[in-house]
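Here's the structure, in structure tokens; my notes come after.
The values are calculated or read from the model by the stated rules, or taken from the named source; none is laboratory data. This structure is a prediction, so every number in the text was calculated from the model and none was measured. A quick note on method: Cβ atoms are made from the backbone with ideal geometry, for glycine too, and the neighbour counts reach across all protein chains shown.
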């Protein structure tokens, strides 16, 4: 039976659904108790693919419910939806209009692999993200402490810094336990690489669950470290990275500096790129890509990390 694409405009309180081919629309509350009604409505209208935007977490529960019900769910960055709206000449913005545009986009977008995350995967990701939030707050307060204009505020800032530091340490214990529950073998393999610690290993497991399951080109694209051409006619532009998962790339960024420091092969590769005139960030991104490709192969083959000679 033919299936139709649908778009869902997600907000904190509502889900605006649109099926353009049938000129059918409906609004549902964004609550777990109302997801069965949404699923019944989509099934009644023979919907196969659903497209929605990432909205800071408001879409996660409905996305998982739809995936569990057997729908192909595509989640996109809001920037892509805005670019599509501009390309279609659509300037007005309402929930029904947005849902209609998402349904139109769903009909033409390339289908990514749809993955249903487990409860263990969700727990690890939540712990990693909370640790990142606490570290950011701690570092912000450290900067405020250095520039505080009055001595009166410094004890309060220091007290908050001490609390956040202890909270980060407590979270790291939970992250270790959660990573081992999710996949103890993968966690151990990643942590066995000199320069990669527990937090980086857990971040890669959270933000790149495909690690070890896809090709080298796919893992580079998912992480946003794949170089893309910029050529047109006689113009040969510089290759550049684009897209991918920023959180995964960020977690790999500092880890790669440690790998360069501790592993002669990567140190040599980095220095050779710098000697060729590449700027530090370009050289580092190239090393990050090689590191990720080798980690992907290591996890795929369940093999130990091999330190190649420089």
(request) Tally the residues that are surrounded by fewer than 20 Cβ atoms within 10 Å (Cβ to Cβ) and within 22 Å of residue 266 (Cα to Cα), restricting the search to region 177-211. (result) 7
(request) Take region 85-106 and flag every residue that is at pLDDT below 90 and surrounded by 14 or more Cβ atoms within 10 Å (Cβ to Cβ). (result) 90
(message) Regarding region 143-157, can at least one residue be identified that is closer than 28 Å to residue 210 by Cβ, surrounded by 14 or more Cβ atoms within 10 Å (Cβ to Cβ) and modelled with pLDDT of 90 or more?
(response) no
(request) Check region 275-291 and report whether any residue there is farther than 25 Å from residue 218 by Cα and surrounded by 12 or more Cβ atoms within 10 Å (Cβ to Cβ). (result) no
(request) Answer yes or no as to whether residue 102 is within 23 Å of residue 77 (Cα to Cα), in the same structural domain as residue 10 (by TED's automatic domain parsing) and within 21 Å of the chain's Cα centre (by Cα). (result) yes
(request) Might you check whether a residue that is within 22 Å of the chain's Cα centre (by Cα) and free of Cβ contacts under 8 Å to residues at least 12 places away in the same chain occurs anywhere in region 256-273? (result) no
(request) Please tell me if residue 167 is in a helix (DSSP H, G or I) and closer than 30 Å to residue 265 by Cα. (result) no
(request) Examine region 258-274 for a residue that is under 26 Å from residue 79 (Cβ atoms) and crowded, with 17+ Cβ neighbours inside 10 Å, and state whether such a residue exists. (result) no
(request) Output yes when any residue across region 242-253 is at pLDDT below 90, over 27 Å from the mean Cα position of the chain (by Cα) and not in a helix (DSSP H, G or I), and no when none is. (result) no
